[in-house]
Amino acid sequence: MYPVYPPRLTEEQEEYLLTNLKDWSIAHGLAVRPAPSYVPTETDPSAALATTAPVTLFPSLFPGVCFEQARNVAEAYNELYAAIASDETWLKGIVEELVEIDDFMANLWKVHLKVKEEGYAHAFTLGLFRSDYMVHVDPSEPQPCVRQVEFNTIASSFGGLSSKVSGLHKHLLSIGAYPESLNSILTDSSLPPSTSIPGLARGMAKAHEAYLECAPTLPTCVIFLVQDLERNVFDQRHLEYAVNEHGIRVFRLPFSRVLKDTHVDANRKLIYTPPQSPGQRFEVSLVYLRAGYSPTEYDNEAAWDARLQLERSAAIKCPSVLLQLAGTKKVQQVLATPHSPHLKRFLPDEKQAAAVLKTFAPIYPLDKSEAGMEARKLATNPDSAVRYVAKPQREGGGNNIYRKAIPDFLHSLPESHWPAHILMEMIEPPEQNNVIFRNGETQQGGVICELGVYGACLWKQGDADGKPHITSNFEAGYLLRTKGDASEEGGVAAGFGAVDSVALV
Ligand code: ADP
Ligand code: MG
Ligand code: MG
């Protein structure tokens, strides 16, 4: 589609571009902790080193109509997922199909039930979402459109680095690091900045303000719940510093320390005691989860106790357990299975529902329903399976089964476990090229881009009707991730891709 992009650079041009890219990245925190395979732990015993985040040398070309389509639908998606997370009865129906065959979902549901029994102490829920898309070309349509890969309701990452990489590409343009032949394509207006850092921070500040309505008696803080070993720490720090700019204290709390450093008081307030100043007490307004989404993090009972402690507290959760469950691939499938009646239920506004529907790729259950039996035929036949991806109810990359691997994978499982997966049509975006810089090396070739649009939504639980009362709802910036086209997975943190920004065409 874009044969001349990016152009080949002379050795001198590449050196100029890379020197500036490396220095700007470190100077602006477009950085990650190095992988142990890249810098062995013996070389960096105190884990003090940082390295440039994997990035593309050039912004990738992206159709402007697709960019606008994805951004325009962000608020409707926020509303949709706020409504789903507020409809416990409907979610129960979904989860019940999976509890027998998916321990992780069963345990999350148990946390919800325990808190429900006691009564929820929080009134508000915060969603910091990222809806991911790829460009889809339908030969019968005049223009390309976006199709949704997935919708993330927990730990949506790269909002910090995304603002930075769009800044990097703008900087490289402004210092003449791109060849003149690109002057008509790369302009100030064709490179939209990503506002994800201020956008996501504003979402957290709104939640914090909402919490203050309950007249806290102690100094307040926001908790970033994090994993013990986090290479992508600067991505999170950028958000933290932006929340600080709203005058809000932030503490990073490793998931493994929840029971040590917090307790729930008689009024169900979540009280945090910083280990570095044990005489101080903070009342937690918001818990922002950048951990707790993977079963491997719950390898002991204490981890489930920790999750329960947070959930039953009055602190606002981003996300609550129900909102985490709303973000499963199963829910996405139930909405996107052709002729599904469910979207209308949650998005009564017809225009909004139509815009959301346009972004769905066909997704099928692998259960014994009519659609499921059709999907089973497609998934077990090697000729048709190549057009699909099978996904379990997991987050964080590296969990999916692609194309011709699907039939053998399914046959390795008891049939009763097939419904734990959904079957999704592969989106095949148009070919394009770029150069990825990771671990000190450049790789040039065919790439696939995935656009993420962040959304922030704060709502108060409705009364009897179960409908959320939304108090803030806005789009919160974008992310472009780019991977080599030989890799099915695109996770930057999982080691396959790079952060990128769009050059609108
Ligand atoms: P996770 O929650 O683990 O990120 P995803 O659904 O995003 O799961 O899948 C991981 C990656 O697999 C995506 O980033 C994308 O590169 C690829 N992928 C997933 N679904 C599709 C699809 N329908 N078409 C093309 N690629 C896909
Ligand atoms: Mg994903
Ligand atoms: Mg995900």
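Observations on the model:
- Options 395, 450; residue that is closer than 22 Å to residue 102 by Cα, acidic (Asp, Glu) and not in a helix (DSSP H, G or I): 395
- Filter result for residue 337 (modelled with pLDDT under 95 and surrounded by 15 or more Cβ atoms within 10 Å (Cβ to Cβ)): yes
- Criterion violated by residue 119 - all others in (1) in contact with a helix residue (DSSP H, G or I) (Cβ under 8 Å, 6 or more places away or on another chain); (2) on the phi > 0 side of the Ramachandran plot satisfied: (1)
- Residue within the stretch 280-296 that is at positive phi and modelled with pLDDT of 95 or more present: yes
- Among the numbered conditions (1) in the same structural domain as residue 214 (by TED's automatic domain parsing); (2) within 15 Å of ligand 1 (Cβ to nearest atom), the only one that residue 422 does not meet is (1).
- With respect to (1) assigned to a helix (DSSP H, G or I); (2) of a type in the set (A, V, I, L, M); (3) not assigned by TED's automatic domain parsing to the domain that holds residue 134, the lone exception for residue 80 is condition (3).
- Meets criteria (away from ligand 1 (no atom under 16 Å from the Cβ), surrounded by fewer than 16 Cβ atoms within 10 Å (Cβ to Cβ), over 27 Å from the mean Cα position of the chain (by Cα) and not in a loop (DSSP other than H, G, I, E, B)) for residue 140: no
- Hey, residue 317 basic (Lys, Arg) and free of Cβ contacts under 8 Å to residues at least 24 places away in the same chain or not: no
- Condition check for residue 296: surrounded by fewer than 23 Cβ atoms within 10 Å (Cβ to Cβ), of a type in the set (Val, Ile, Thr) and within 16 Å of ligand 3 (Cβ to nearest atom): yes
- When residue 59 is tested against (1) surrounded by fewer than 17 Cβ atoms within 10 Å (Cβ to Cβ); (2) over 30 Å from residue 470 (Cα atoms), just one condition goes unmet, and that condition is (1).
- Selected residue (only one of 47, 70 is of a type in the set (Gly, Ala, Ser) and within 16 Å of ligand 2 (Cβ to nearest atom)): 70
- Helices (runs of 4 or more DSSP H) (entirely within the stretch 195-310) containing at least 1 residues that are touching a Lys or Arg at 6+ places or on another chain (Cβ under 7 Å) and in the same structural domain as residue 31 (by TED's automatic domain parsing): 233-244
- Beta carbons closer than 7 Å, at least 6 apart along the sequence or on distinct chains, never pair a first residue in the stretch 389-417 that is among the hydroxyl-bearing types (Ser, Thr, Tyr) and within 15 Å of ligand 3 (Cβ to nearest atom) with a second that is assigned to a loop (DSSP other than H, G, I, E, B) and modelled with pLDDT under 95.
- Residues being of a type in the set (Ser, Thr, Tyr) and touching a strand residue (DSSP E or B) at 6+ places or on another chain (Cβ under 8 Å) - total across the stretch 256-300: 5
- Unique match (being within 12 Å of ligand 1 (Cβ to nearest atom), modelled with pLDDT of 95 or more, small (Gly, Ala, Ser) and closer than 13 Å to residue 364 by Cβ) among 385, 379, 390: 390
Every residue, every condition in (1) assigned to a loop (DSSP other than H, G, I, E, B); (2) among the aromatic types (Phe, Trp, Tyr); (3) under 20 Å from residue 90 (Cα atoms); (4) within 16 Å of ligand 2 (Cβ to nearest atom), yes or no:
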position	(1), (2), (3), (4)
343	no, no, yes, no
371	no, no, yes, no
376	no, no, no, no
379	no, no, no, no
389	no, no, no, yes
404	no, no, no, no
410	no, no, no, no
416	no, no, no, no
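The values are calculated or read from the model by the stated rules, or taken from the named source; none is laboratory data. Remember, it's a predicted structure, so these values are computed and weren't measured experimentally. Cβ: placed from backbone, ideal geometry, glycine included. Neighbour counts: every protein chain shown.
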